[in-house]
Amino acid sequence: MPVGERIGRIDGRDKVTGASRYVDDLPFQGLYGRTIRSTLPHGRVKSIEFDKDFDWSGIVRVDYRDIPGKNIVALIEDDQPCLVQEEFKHAEEAILLLACEDKERLDAACRAVKVIEEPLPIVLDPEEAVRQGWILKTLEITRGDLQAGFAKADFIVEGTYRVGHQEQLYIETQGVIATPHADGGITVEGSLQCPYYVHRALTSLFVLPDDKVQVIQAVTGGGFGGKEDYPSMISAHAALLAKKAGRPVKMIYERGEDIRATTKRHPAIVKHKWGVSKNGDILAADMSFVIDGGAYVTLSPVVLSRGLIHGLGPYRHEAAWMHGQIAGTHTPPNGAFRGFGAPQSLFAAERHLDKVAKVIGKDPVALRQYLTLREGDVTVTGQQLNESVGALPVLAASVPKYNAKKAAVDAFNQEAEKKRSPVRRGVGFSFFFHGNGFTGNGEAKIQGKVDAEVLPDGKVVLYTASTDIGQGTLTIFRQIAAETLGVSVSQVEVAAQDTNIAPNSGPTVASRTCMVVGKVVEDVSKALIEELGSFLASKGAGPESKGKLSYQSGAFLFSEERVTLAEAARHYAEAHGKNLKVRRQYQTPPGLSWDDATYRGDAYPVYSWATDVVEVEVDLDTAETRIVSCYTAHDIGRPIHPVLAAGQIEGGTLQGLGYAFMEEVVWKNGRVYNDRLTNYIIPTSLDAPEIEVEMVDVPYSGGPFGAKGVGEIPMDGPAPAVAQAIDYAAKVEANELPITPERLLAMMERR
Amino acid sequence: MKITFEVNNQEKTVEVAPMRRLLDVLRYDLALTGTKEGCGEGECGACSVLVNGQLVNACLVPVCQVQGAKVMTVEGIATNEQLHPVQSCFIEDGGAQCGICTPGMIVAAVDFLEKHKGTPTREEIREALAGNLCRCTGYQKIIDAVENAARQIVSKRSSV
């Protein structure tokens, strides 16, 4: 049974021996590329001066005039230029590209360029931007009669919650190699999540037919959303240089450039005003959600949408009005980062629920148990939850853990008080859900495709553009196909994530790879069996025996005969002069409907569910926080690979813990000030607690072998749990992230 | 400048600028690309290698400092296709995800276990690997892998 087994990851040996080839490890002969960027947050390029004393021979220069097509990076709205023409809207916007064979001469060339910038008015604060009317997009969700809800409420509870930027901080920085071809085509190989996003950006930029652009994913050293949209930009730059040079160009960002110039998690300001009954029933929920999009639209509308849909948490409510805005600011565009709007809005929802609990005088965990959505309940978009609702199981698993930790924390604090120690402990609980796959009609629009070919020796090759960025795509797809085909995992291969051979499976984002594309892998594997079965039946014993044909453990059985997959494949190839290759694409599970105009319906095919119980220790003198322990219960359906799935949960949980109390992007006049690993701090092995993961499997019939999504949900819960725990320890209301010592000290002073 | 040193038990001579980073010499002059660059300032540990048995960040070492030294990189950890227990445990326990920190992590863990010689506590392992950043795993499965590798090494040693 390949599914559910803890096999070693397919790429494991290469990764532990150093044999894996990331983009900067690939054999390369060509030029190195660099980017000259704006330094002001808003302005005009008055002139570009090239030092006359510098020897410019052998240096390739590219500016906006070298772009054959439209000067945009094609994504949702075509508003972001690839290279600045005159006006720029944020610092670190690319103005000029240089390439040279010699890295040291390239550095010198970069120093020999002077861009004269003329400042224009700026707005850096998203709330100020909204006041000034720079709003990139708005979105509303309404449900029920809000005014009636407020009218019958016993309490009106209001709160404001703020979260900051977060840097993805994949350990491998952004990088690509672009190679031009004599026929005008271009190949880009690099560190990226979504080959077909890059493909589309390049065909549009160079006005090339699809088959003249090839995008290949190299082994990728982490993404977390940060390599969803930005690779289109760096690929475009490298490709422009390569085209002009007529030779391959490699661009690898240095860490500081990567932190300063590429996307981050959107900061958000969330305001809640809820009308609640004295039991805690949410009768009316008014939510305002402002996210800072940065200077261009990029992926922000989708982040806004996911944030809003998750904005009331996994709780029952009668009426809601949710109002979201993307503020434009003169800062680099914010983009995808694991969770995609949900960590921001779920932090606010959980914090607000804590406030409600305080107002009505109820235990915060008991209130969550009371209000949780259950099977048959309806979400804010009017979606009735009909299947795989893991809310009660995750709550049931985690509440005893919370109670035990709370008792231990109370005992610790009593002792600490006696000893007059400044150290206090606290425990926090969060409950959250995450919609799997694209929102609404997204999956139906994308129509993710997977091909499967069976070779004459019985090897099955999967062709998919879904990338493995560490989460284990290459391994779990093999497991799913092997399980479906009744063969061993070693009999299944996955071809390269190369747009020349792999169909568009959709982007590797949105907790969709396992559940959505994995289902297509199952379907295409079944299709191989069907096709080979009908081939055997047609050439074999005639139509009457067709019904008796069956497939079991890697072989067709009909009448007395047993034909293995390999034999059938060989017969097929001999008869047809080619191997059997089939394609399947995403089919919307029955019963789902969505109306984009009203934002009503089934926002996601299904949700994953989870709780976190976090124990912290706060030094009340220094306001330093340490995470003592972390327990998490997750319903992600049935895990395809228990070790890889737990790895996703542990890793996402630690990123969420970092978001809660450590990771802060500091800005100075629209530029990231802490652009190094020395001062943008992520958790080390000493900052990380032991993370206990409990899987509560509630299988989903629409996923492969019952699987749902796991990539993002672990990121959603740690921050509110940490905040609640810090509240407990330090007697504050930690409603802003990150809760750094500086911020906590200010909160304690305000107390 | 001509610099001669041993890399993974093989003598190498390179003709490079004396201040060229050991990291670049390994990666670009000797094609040993297993050693990775994550930050270029000694914070992330992706370029961890051993110089004369000392764990260092190769991005902070000018190559002139390794004249005559013995350098060990991730490529030298497995012997004749036989994985080191730390490596096989990383595969079995899920210690590697994206894999970019893995080579440095493996070198640091192997060095730690060689010096520790016993079965370290999880806290000791955490301390030993605190100079190697990982963004994927939450460190849980890395600690699991090193813990299991230590057990395997100790039981193998006692059975010999």
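The values are calculated or read from the model by the stated rules, or taken from the named source; none is laboratory data. Note that this is a predicted model, so its numbers are computed, not measured. Cβ coordinates were reconstructed from backbone atoms using ideal geometry, including for glycine residues, and neighbour counts include every protein chain displayed.
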For region A:436-444, indicate whether the set of residues that are hydroxyl-bearing (Ser, Thr, Tyr), modelled with pLDDT of 95 or more, touching a helix residue (DSSP H, G or I) at 6+ places or on another chain (Cβ under 8 Å) and buried (at least 22 other Cβ atoms within 10 Å of the Cβ) is non-empty. no
Name, by its number, the condition in (1) surrounded by fewer than 22 Cβ atoms within 10 Å (Cβ to Cβ); (2) within 30 Å of residue A:489 (Cβ to Cβ) that does not hold for residue A:606. (1)
Hey, can you tell me all the residues within region A:428-470 that are part of a strand (DSSP E or B) and of a type in the set (S, T, N, Q)? A:430
Do we have residue A:323 as out of contact with any Pro (no Cβ under 9 Å at 6 or more places or on another chain) and either assigned to a helix (DSSP H, G or I) or surrounded by 24 or more Cβ atoms within 10 Å (Cβ to Cβ) (or both) here? no
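In this structure, does residue B:108 turn out to be in contact (Cβ under 8 Å) with a residue 24 or more places away in the chain, closer than 30 Å to residue B:13 by Cβ, of a type in the set (Gly, Ala, Ser) and touching a Phe, Trp or Tyr at 6+ places or on another chain (Cβ under 8 Å)? Spell out the reasoning first.
Values: in contact (Cβ under 8 Å) with a residue 24 or more places away in the chain: yes; closer than 30 Å to residue B:13 by Cβ: yes; of a type in the set (Gly, Ala, Ser): yes; touching a Phe, Trp or Tyr at 6+ places or on another chain (Cβ under 8 Å): no.
So residue B:108 fails the test.
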Can you tell me which condition residue A:48 does not meet? The list is (1) surrounded by fewer than 20 Cβ atoms within 10 Å (Cβ to Cβ); (2) within 13 Å of chain B (Cβ to nearest Cβ); (3) among the aliphatic types (A, V, I, L, M), and all the others hold. (2)
The residue that is nearest to residue A:725 (Cα to Cα), considering only those in region A:410-435 that are in contact with a helix residue (DSSP H, G or I) (Cβ under 7 Å, 6 or more places away or on another chain) and among the aliphatic types (A, V, I, L, M), is A:427
In region A:110-126, which residues are surrounded by 12 or more Cβ atoms within 10 Å (Cβ to Cβ) and over 16 Å from residue A:43 (Cβ atoms)? A:110, A:112, A:113, A:125, A:126
Going through region A:13-70 in order, the residues found to be in contact (Cβ under 8 Å) with a residue 12 or more places away in the chain, closer than 28 Å to residue A:121 by Cα and part of a helix (DSSP H, G or I) are A:64
Which condition does residue B:90 not pass, out of (1) farther than 30 Å from residue A:225 by Cβ; (2) among the aromatic types (Phe, Trp, Tyr); (3) in contact with a Ser or Thr (Cβ under 8 Å, 6 or more places away or on another chain), if it passes all the others? (1)
Can you tell me which of A:493, A:522 is closer than 30 Å to residue A:567 by Cα, touching a residue at least 60 places away in the same chain (Cβ under 8 Å) and more than 14 Å from every other protein chain (Cβ to nearest Cβ)? A:522
Out of A:168, A:214, sole residue that is more than 14 Å from chain B (Cβ to nearest Cβ) and crowded, with 19+ Cβ neighbours inside 10 Å: A:214
Could you pull out the residue among B:141, B:156, B:115 that is within 12 Å of chain A (Cβ to nearest Cβ), among the basic types (Lys, Arg) and either in a helix (DSSP H, G or I) or farther than 25 Å from residue A:683 by Cα (or both)? B:141
So for region B:19-34 (the condition being facing chain A (nearest Cβ under 7 Å) and either modelled with pLDDT of 95 or more or assigned to a strand (DSSP E or B) (or both)), does at least one residue qualify? yes
The conditions are (1) under 20 Å from residue A:35 (Cα atoms); (2) among the basic types (Lys, Arg); (3) in contact with a His (Cβ under 9 Å, 6 or more places away or on another chain), and residue A:143 fails exactly one of them. Which is it? (1)
Pick from region A:629-667, criterion among the β-branched types (Val, Ile, Thr) and within 13 Å of chain B (Cβ to nearest Cβ), ranking: farthest from residue B:145 (Cα to Cα): A:632
Report yes if some residue within region B:12-34 is under 13 Å from the mean Cα position of the chain (by Cα) and surrounded by fewer than 16 Cβ atoms within 10 Å (Cβ to Cβ); otherwise report no. no
Can you tell me how many residues in region B:118-138 are of a type in the set (Asp, Glu) and at the interface with another protein chain (Cβ under 8 Å from one of its Cβ atoms)? 1
Could you check, for region A:696-709, whether at least one of its residues is assigned to a helix (DSSP H, G or I) and within 12 Å of chain B (Cβ to nearest Cβ)? no
Can you confirm whether region B:102-118 contains a residue that is touching a Cys at 6+ places or on another chain (Cβ under 7 Å) and crowded, with 24+ Cβ neighbours inside 10 Å? yes
Scanning region B:66-80 for residues that are more than 10 Å from the chain's Cα centre (by Cα) and crowded, with 20+ Cβ neighbours inside 10 Å, which turns out nearest to the other protein chains (Cβ to nearest Cβ)? B:71
Quick test for you: out of A:261, A:182, A:242, pick the one residue that is among the hydrophobic types (A, V, I, L, M, F, W, C), touching a residue at least 40 places away in the same chain (Cβ under 8 Å) and farther than 21 Å from residue B:38 by Cβ. A:242
Name the pairs whose Cβ atoms lie under 6 Å apart, with the first residue in region A:534-553 and modelled with pLDDT of 80 or more, the second assigned to a loop (DSSP other than H, G, I, E, B), and 6 or more positions between them or separate chains? A:537/A:549; A:553/A:486
State which residue is farthest from residue A:142 (Cα to Cα) when the search covers only region A:590-600 and only residues that are surrounded by 17 or more Cβ atoms within 10 Å (Cβ to Cβ) and over 23 Å from the mean Cα position of the chain (by Cα). A:592
I'd like to verify a number: residues in region B:35-65 that are within 11 Å of chain A (Cβ to nearest Cβ) and among the β-branched types (Val, Ile, Thr), how many? 2
Pairs with Cβ under 7 Å, 6+ apart, first in region A:557-577 and within 12 Å of residue A:539 (Cβ to Cβ), second of a type in the set (S, T, N, Q): A:558/A:545
